[in-house]
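Here is the structure we will look at.
The values are calculated or read from the model by the stated rules, or taken from the named source; none is laboratory data. What you are looking at is a predicted structure, and each value in this text was computed from that prediction instead of being measured. All Cβ positions, even for glycine, are placed from backbone atoms using ideal geometry, and neighbour counts span all protein chains on display.
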Amino acid sequence: MRPTLQRTLALIPLLCSTAAAEAPGDGFEVSVRGKSHGLEELGQHIPAHRLGGALEQLELYRAWIIENDYRVSMTEDGRVILVTSSRKVARRRMKLVDETLEAFDQLMSPPDRAGSGEVFSRAAWGVGDHVPDEVPVVLVEVRKVSEYHALLSGLGQAREELSSLASLHGMRPGFSEERVTAAVWQESPLGIELGTVWRSENELVNRLARLLLFRSFGPQPTWLSVGVAWNVELDVMREIYCFPYRSGFVGIGEHGGWETELKREFKKRKADPLALEEFAGWRRNTWDEHQAQLSFGMVEYLSRHEPGVLPRAAEAFRLGYKDGFKTTHPDGSWETNPSYQIPVEDQLEVLVDASDAELLGRATEFMSRWNRYRPKR
């Protein structure tokens, strides 16, 4: 059973006193800005309002980290926890974490919700509304496949709702899981060519961007979630190597060639402008190359020429999902509707409200010209 954040906050004194009383050398410390601290000191080095969420996340992985001798690092703002095999790896990866945070914040800075009075529903068994910015993102880069499987098994034993992780992801090189706001991936997966097919650094950047979006804005349409992650990955890494939901072969030209593909397509269809239904219905955990290309192109247009639309739309989608995920009965009781997706027509209304009715026409022209595109307004 997952503890609520309120329960975790109540356990902070116990956790800290336990950490202090454990035998020296158990290895459980958290590094902030390159300096290691015990759990009892963590609240002095990250924002106090994020301590409870950090402790909640760390408890899930603590036993596995100690058993396998991994290192824990955390950003000073308390938004990201990174678990790596060594301090040397942690130093390199934390630079990428910082660059990813900077790129994400420029693109998707969430609104100030202070004083909004928004109410969140929580059921006794831990199911409830997504609460923005409540817990940090956890990133775990695993060195051995045996340790990867052990972590999957451990997460399933820790929480009943995670018991399916091993069967869902055991044959994959990694996964991103919104239920725990975490991503786990193998540094060097067996049978996958490193460098040309798999780059662990790109996995970190892309998965972190998707989880940062979820952390601040909750569930989002697939085109927006994956498109934002590709935008950040391209900004930080200069090429795209992480293709969520794709299992087939990835050609060399696809790591940076979608601009050319889209330019070729839209030069041929000047009288046939982009329609939202061409990509907004892209369902999670499925791969469609054309929808992926259009999602990439749409987010590229917005990030370059109408950047304010993206966070405004994401906030509207957050509220739309919050409402759609829940069915409230006349007696005040409620139940979840986890399969809910925001209808395409509602997505279009959100985008038009955040911009105007000519948005898709401008995106069409952009995709036919890219760097040569000059906005008319």
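Candidates are the residues of the range 1-58 that are of a type in the set (Lys, Arg), out of contact with any Pro (no Cβ under 9 Å at 6 or more places or on another chain) and modelled with pLDDT of 55 or more; the one that is nearest to Met94 (Cα to Cα) is Arg33. Only one of the listed residues (Ser116, Ser121, Ser146) is surrounded by fewer than 16 Cβ atoms within 10 Å (Cβ to Cβ), among the hydroxyl-bearing types (Ser, Thr, Tyr) and either at pLDDT 95 or above or within 20 Å of Arg93 (Cα to Cα) (or both). That residue is Ser146.
Restricting attention to the range 124-143 and to residues that are surrounded by fewer than 19 Cβ atoms within 10 Å (Cβ to Cβ) and of a type in the set (Val, Ile, Thr), the residue that is modelled with the highest pLDDT turns out to be Val131. The residues of the range 314-329 that are of a type in the set (A, V, I, L, M, F, W, C) and surrounded by fewer than 22 Cβ atoms within 10 Å (Cβ to Cβ), listed by number, are Ala316, Leu319, Phe325. Against the numbered list (1) surrounded by fewer than 16 Cβ atoms within 10 Å (Cβ to Cβ); (2) in contact with a helix residue (DSSP H, G or I) (Cβ under 8 Å, 6 or more places away or on another chain); (3) more than 19 Å from Pro338 (Cα to Cα), Glu193 comes up short only at (2). For the range 68-86, the candidate set comprises residues that are touching a Gly at 6+ places or on another chain (Cβ under 9 Å) and more than 25 Å from Ala114 (Cα to Cα); within that set, the residue that is surrounded by the fewest Cβ atoms within 10 Å (Cβ to Cβ) is Asp69.
Residue check: Gly53 meets all listed conditions (1) buried (at least 20 other Cβ atoms within 10 Å of the Cβ); (2) over 15 Å from Val180 (Cα atoms) but one, namely (2).
Considering Ser116, Ser121, which residue is more than 27 Å from Val299 (Cα to Cα) and in contact (Cβ under 8 Å) with a residue 60 or more places away in the chain?
Details: Ser116 fails: in contact (Cβ under 8 Å) with a residue 60 or more places away in the chain.
Within the list Ser116, Ser121, the selection yields Ser121.
None of Asp346, Asp356 is part of a helix (DSSP H, G or I) and charged (D, E, K, R) except Asp346. Residues in the range 240-262 that are of a type outside the set (Asp, Glu), modelled with pLDDT under 95 and either farther than 22 Å from Phe175 by Cβ or part of a helix (DSSP H, G or I) (or both): Gly251, Ile252, Gly253, His255, Gly256, Gly257, Trp258, Thr260. Do we have any residue at all in the range 55-65 that's among the small types (Gly, Ala, Ser) and under 22 Å from Arg215 (Cβ atoms)? Within the range 55-65, none of the residues are among the small types (Gly, Ala, Ser) and under 22 Å from Arg215 (Cβ atoms).
Can you tell me which residue within the range 332-347, out of those that are in contact with a helix residue (DSSP H, G or I) (Cβ under 7 Å, 6 or more places away or on another chain) and free of Cβ contacts under 8 Å to residues at least 60 places away in the same chain, is surrounded by the fewest Cβ atoms within 10 Å (Cβ to Cβ)? The extreme case among them is Asn337.
Among the listed residues Phe366, Phe296, identify the single one that is part of a helix (DSSP H, G or I) and in contact with a Gly (Cβ under 7 Å, 6 or more places away or on another chain). Outline the logic, then answer.
Working: Phe366 fails: in contact with a Gly (Cβ under 7 Å, 6 or more places away or on another chain).
Among Phe366, Phe296, only Phe296 is part of a helix (DSSP H, G or I) and in contact with a Gly (Cβ under 7 Å, 6 or more places away or on another chain).
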